[in-house]
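Colleague: Can you keep this structure in mind? I'll have questions shortly.
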Amino acid sequence: MTRLLEEKITALHGAGGQVMEKLIAERILPKFKFRAAGPIGLDHLDDGAVVDLPPGKLVITTDSHVVKPLFFPGGDIGKLAVTGTVNDLVVMGARPVAMTLAVVVEEGFPLSDLERILESAAQVLSKLGLPLVTGDTKVMGKGELDGIVLNTTGIGVAERPISDAGLKEGDWIVVTGPVGDHGMAILCARNELPVESPVGSDVAPLWPALAEAVATGGITAMKDPTRGGLAAALNEMARKSGVGIEVEEEKIPVRPEVRGLCELLGLSPYELACEGRAVLGVREEKLEQVLAALCRHPLTAQAQVIGRTSREYSGKVVLRTAVGGKRFLEMPLGDPVPRIC
Amino acid sequence: MNTELFRLRDPKRARDFQRLLSRLAPSHPVKIVHVCGTHEITIAQYGLRSLLPENVEVFEGPGCPVCVTSTQDLDCALQIAERGAILCTFGDMTRVPGSRMTLEEARAEGADVRVVLSAADAVEIARRNPEKPVVFFAVGFETTAPGTAAVLLDNPPDNFFVLVSHKLIPPALAALLSQEPREISAFLAPGHVSTVIGAGAYRPLAEEFRVPIVVAGFEPLDILYGLSLILRQLREGRAGVENAYPRAVTEEGNLRAQELFREVFRIGPAIWRGIGEIPDSGFYLREEFRDHDAQKEFGVVGRMGEEKPPGCRCAEVLMAKAIPTDCPLYEKVCTPLTPVGPCMVGAEGACNIWYRYSGRPRL
């Protein structure tokens, strides 16, 4: 094989045939520790995988991932892709069972970067014992794509699936940890701000941390506050559930360094994305049990009750501000851009 | 973060102020006007209107420098950009509609329009492009005017020009007070501008119009404190200037900055979008700086008369006669992503702030 094929992705890598086979067999497959969830898995390089399903309802989710930069403090696109899909399953109340991964990569993309990305995706899966059962690789011409796109599909099973529309009047609203870390880390890593990020991304799989809390049966609705942050998640939950949500600004966990930088830049920490947090609606009588379950895991140990649902302001989110004033917490307008003057 | 800031957001003190404000509640409706986007952001973001007595209303008047820049001035900037100069200005300015188009649209059609953070950045661009005229479209109140003056006094390159659209706040307050019938009970004066011009600058106004004017800072307690001083004055029938922001604002202001703009600018009438011509409210370059005067260099003159988009009530919002939710376009067709009027474009415009921070008359 020529040196070029060793260092950079070329059209040949995506063309099937020997070069492709070698790339997959030598560089990709071995990174993934668990490669089957049934009789046919990744090693068979078949047209699909066959999965033995545990009892329960099947939950499926899919997501395509693009992030700039590909490597950022606290993670990279590989970790993000796998984690994001695991978390989407978890907030549906499901235990992850298997995952697929499709890679679309631009001609000329450094092979070492590709390996680093897949390595970090593999690490997350190995730690969770979650098998990668099938995948796909495509190469696109130079300029047809900006670097790399990852698509992950996850399947899981849930005894009692949880939606984001299940809030009832009187439910408590819980967030599992400080919000805004991922959004701030990415904004700073883009070098568009004159500062270095004070925090790394919070990207982390919510499984198994949330398993016990889900098992209590006390969670009425759940969502991961990714794009649009806490503000978007709460608004969606309120609108879909047909209840109002009142949250206390003082109770919302935000790291002081994130809050400080937000203040400086004119951003709202409630609109910055999280990649390792969940927002939960919890029935009154199960609140203590759910909080106790969350506190037993380091990832969710800083869980906080931030507010409660109400009949008033149906479909809207009301923020009781730090000084006791009240205002709506609106759906974010778009991606946060620092104010410049 | 600065512990001082936390102290100025202390929930317990805020409750004390709320009680104080309700004790000072006036017996008749009171309309307090501030003229500062940053004040409006704090008021909206912290939901301060919900803490005020029922018959006290707070309006943002002409407090957004981008919003009050006249179509005429903007048209001049457009013409200059279309004649091949590099036109530099602050970010929001590029999205405000002129009579034909925005500067952003002019850029899309090939004009070289650049966003800068200060006059000094524009000078830097001029130094790096000696073969091209570089024009700084200078907008803003007494806060940004000294920056423009400073670069002109610091031997800028020959290819650097300024299109001056700087404005003064006190004459605008006088214009609002001269409206008949007068609806404004008091002003909450802007902290930033006041650091430059000093609290004393408002004394002639307070005396002439018998109106309380209180200078306030930008933290929630700064504003609640300022409002409480206003309500107390109204209750006691007083009309004077008080300084609720003494940690930044002095009676005489920043004398060095005032000296800078006196050296560079003379004062004349200016047109404010939505309000019209206000005497003695605009800065103009003095004769000594004519070599850097973009208007002279390019011979541009804006077309008179306002172009007002149908239905848009920005003019009344800028006059403190309407609040954003009074406008039929607000939130429906006019949003920060699809702004119709200037108050939705400028990040300090009342409509833009209400949209982003969910400002409401009361919740």
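The values are calculated or read from the model by the stated rules, or taken from the named source; none is laboratory data. Here the structure is a predicted model, which is why all the values come from computation and not from measurement. Cβ coordinates were reconstructed from backbone atoms using ideal geometry, including for glycine residues, and neighbour counts include every protein chain displayed.
Colleague: Does residue A:79 meet the test of being charged (D, E, K, R), touching a strand residue (DSSP E or B) at 6+ places or on another chain (Cβ under 8 Å) and at pLDDT 95 or above?
Modeller: When the stated conditions are applied, residue A:79 does not pass them.
Colleague: Continuing with the same structure: Name the residue, out of B:265, B:261, that is surrounded by 20 or more Cβ atoms within 10 Å (Cβ to Cβ), modelled with pLDDT of 95 or more and away from every other protein chain (no Cβ under 14 Å).
Modeller: B:265
Quick grid of which residues meet (1) more than 7 Å from chain B (Cβ to nearest Cβ); (2) modelled with pLDDT of 90 or more:
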position: A:299; (1), (2): yes, yes
position: A:304; (1), (2): yes, yes
position: A:308; (1), (2): yes, yes
position: A:322; (1), (2): no, no
position: A:331; (1), (2): yes, no
position: A:336; (1), (2): yes, no
position: A:339; (1), (2): no, no
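Colleague: Then there is this: I'm told residue A:327 meets every condition in (1) in contact (Cβ under 8 Å) with a residue 24 or more places away in the chain; (2) buried (at least 17 other Cβ atoms within 10 Å of the Cβ); (3) under 26 Å from residue B:11 (Cβ atoms) except one. Can you identify the failing condition by its number?
Modeller: Unmet condition: (1).
Colleague: Among A:63, A:88, A:47, which is part of a loop (DSSP other than H, G, I, E, B) and either at negative phi or not β-branched (Val, Ile, Thr) (or both)?
Modeller: One residue alone meets the criteria, A:47.
Colleague: Further question: Could you go through segment B:80-87 and let me know if any residue there is surrounded by 22 or more Cβ atoms within 10 Å (Cβ to Cβ), in contact with a strand residue (DSSP E or B) (Cβ under 8 Å, 6 or more places away or on another chain), part of a loop (DSSP other than H, G, I, E, B) and assigned by TED's automatic domain parsing to the domain that holds residue B:134.
Modeller: Yes: one or more hits.
Colleague: Related question: Among the residues of segment B:337-361, how many are facing chain A (nearest Cβ under 9 Å), within 18 Å of residue B:47 (Cβ to Cβ), out of contact with any Pro (no Cβ under 9 Å at 6 or more places or on another chain) and assigned to a loop (DSSP other than H, G, I, E, B)?
Modeller: Counting residues in segment B:337-361 that are facing chain A (nearest Cβ under 9 Å), within 18 Å of residue B:47 (Cβ to Cβ), out of contact with any Pro (no Cβ under 9 Å at 6 or more places or on another chain) and assigned to a loop (DSSP other than H, G, I, E, B) gives 2.
Colleague: Something else: Is it the case that residue A:309 is β-branched (Val, Ile, Thr), over 22 Å from the mean Cα position of the chain (by Cα) and crowded, with 21+ Cβ neighbours inside 10 Å?
Modeller: Judged against the criteria, residue A:309 is a match.
Colleague: For residue B:112, only one of the following conditions fails: (1) away from chain A (no Cβ under 14 Å); (2) in contact with a strand residue (DSSP E or B) (Cβ under 6 Å, 6 or more places away or on another chain); (3) surrounded by 19 or more Cβ atoms within 10 Å (Cβ to Cβ); (4) over 22 Å from residue B:353 (Cα atoms). What is its number?
Modeller: (3)
Colleague: Considering segment A:66-77 alone, what residues qualify as being of a type outside the set (A, V, I, L, M) and within 15 Å of residue A:109 (Cα to Cα)?
Modeller: A:68, A:69, A:71
Colleague: Say we look at segment B:84-107 and pick out the residues that are within 14 Å of chain A (Cβ to nearest Cβ) and of a type outside the set (S, T, N, Q); which of these is farthest from the chain's Cα centre (by Cα)?
Modeller: Going through the qualifying residues, I end up with B:88.
Colleague: Return the only residue of B:276, B:268, B:253 being small (Gly, Ala, Ser) and closer than 20 Å to residue B:61 by Cα.
Modeller: Selected residue: B:276, the only one of B:276, B:268, B:253 that is small (Gly, Ala, Ser) and closer than 20 Å to residue B:61 by Cα.
Colleague: With buried (at least 19 other Cβ atoms within 10 Å of the Cβ), on the phi > 0 side of the Ramachandran plot and either out of contact with any Gly (no Cβ under 7 Å at 6 or more places or on another chain) or not acidic (Asp, Glu) (or both) as the only criterion, which of B:217, B:276, B:198 stands out?
Modeller: B:198
Colleague: Just name the residue that is surrounded by the most Cβ atoms within 10 Å (Cβ to Cβ) out of those in segment A:134-179 that are of a type in the set (A, V, I, L, M) and over 20 Å from the mean Cα position of the chain (by Cα).
Modeller: Per the stated criteria, the residue is A:167.
Colleague: Still on this structure, please answer the following. Only one of these conditions is not met by residue B:34: (1) crowded, with 22+ Cβ neighbours inside 10 Å; (2) out of contact with any Pro (no Cβ under 8 Å at 6 or more places or on another chain); (3) of a type outside the set (A, V, I, L, M, F, W, C). Which number is it?
Modeller: With (1) crowded, with 22+ Cβ neighbours inside 10 Å; (2) out of contact with any Pro (no Cβ under 8 Å at 6 or more places or on another chain); (3) of a type outside the set (A, V, I, L, M, F, W, C) applied to residue B:34, the lone miss is (2).
Colleague: Just one of B:170, B:157, B:146 is over 23 Å from residue B:256 (Cα atoms), in contact with a helix residue (DSSP H, G or I) (Cβ under 9 Å, 6 or more places away or on another chain) and of a type outside the set (A, V, I, L, M); which is it?
Modeller: Sole residue among the options that is over 23 Å from residue B:256 (Cα atoms), in contact with a helix residue (DSSP H, G or I) (Cβ under 9 Å, 6 or more places away or on another chain) and of a type outside the set (A, V, I, L, M): B:157.
Colleague: Against the definition (within 14 Å of another protein chain (Cβ to nearest Cβ), over 24 Å from residue A:319 (Cβ atoms) and surrounded by fewer than 17 Cβ atoms within 10 Å (Cβ to Cβ)), how does residue B:325 come out, yes or no?
Modeller: So residue B:325 does not fit the description; no.
Colleague: Answer yes or no as to whether residue A:81 is hydrophobic (A, V, I, L, M, F, W, C) and either out of contact with any Ser or Thr (no Cβ under 7 Å at 6 or more places or on another chain) or not assigned by TED's automatic domain parsing to the domain that holds residue A:143 (or both).
Modeller: Judged against the criteria, residue A:81 is not a match.
Colleague: Can you pull out every residue in segment A:221-246 that is touching a strand residue (DSSP E or B) at 6+ places or on another chain (Cβ under 6 Å), surrounded by fewer than 22 Cβ atoms within 10 Å (Cβ to Cβ) and not in a helix (DSSP H, G or I)?
Modeller: A:244, A:246
Colleague: Would you pick out the residues in segment B:140-183 that are within 11 Å of residue B:281 (Cβ to Cβ) and of a type in the set (A, V, I, L, M, F, W, C)?
Modeller: B:141, B:168, B:169, B:172, B:173, B:174, B:175
Colleague: From A:285, A:257, which residue is closer than 24 Å to residue A:166 by Cβ, out of contact with any Cys (no Cβ under 6 Å at 6 or more places or on another chain) and surrounded by fewer than 16 Cβ atoms within 10 Å (Cβ to Cβ)?
Modeller: A:285
Colleague: When the residues of segment B:8-28 are narrowed to those that are within 11 Å of chain A (Cβ to nearest Cβ) and among the hydrophobic types (A, V, I, L, M, F, W, C), which ends up nearest to residue B:55 (Cα to Cα)?
Modeller: If we take residues in segment B:8-28 being within 11 Å of chain A (Cβ to nearest Cβ) and among the hydrophobic types (A, V, I, L, M, F, W, C), then B:17 is nearest to residue B:55 (Cα to Cα).
Colleague: Could you look through segment B:39-66, keep only residues that are more than 13 Å from chain A (Cβ to nearest Cβ) and more than 20 Å from residue B:13 (Cβ to Cβ), and pick out the one that is surrounded by the fewest Cβ atoms within 10 Å (Cβ to Cβ)?
Modeller: Restricting to residues being more than 13 Å from chain A (Cβ to nearest Cβ) and more than 20 Å from residue B:13 (Cβ to Cβ), the top hit is B:54.
Colleague: Only residues in segment B:114-141 that are outside the structural domain of residue B:197 (by TED's automatic domain parsing) count as the first member; pair them with residues that are of a type in the set (Ser, Thr, Tyr), Cβ under 6 angstrom, at least 6 apart or cross-chain, and list the lot.
Modeller: Matching pairs, first to second residue: B:119/B:148; B:137/B:89; B:138/B:148; B:139/B:69; B:139/B:165.
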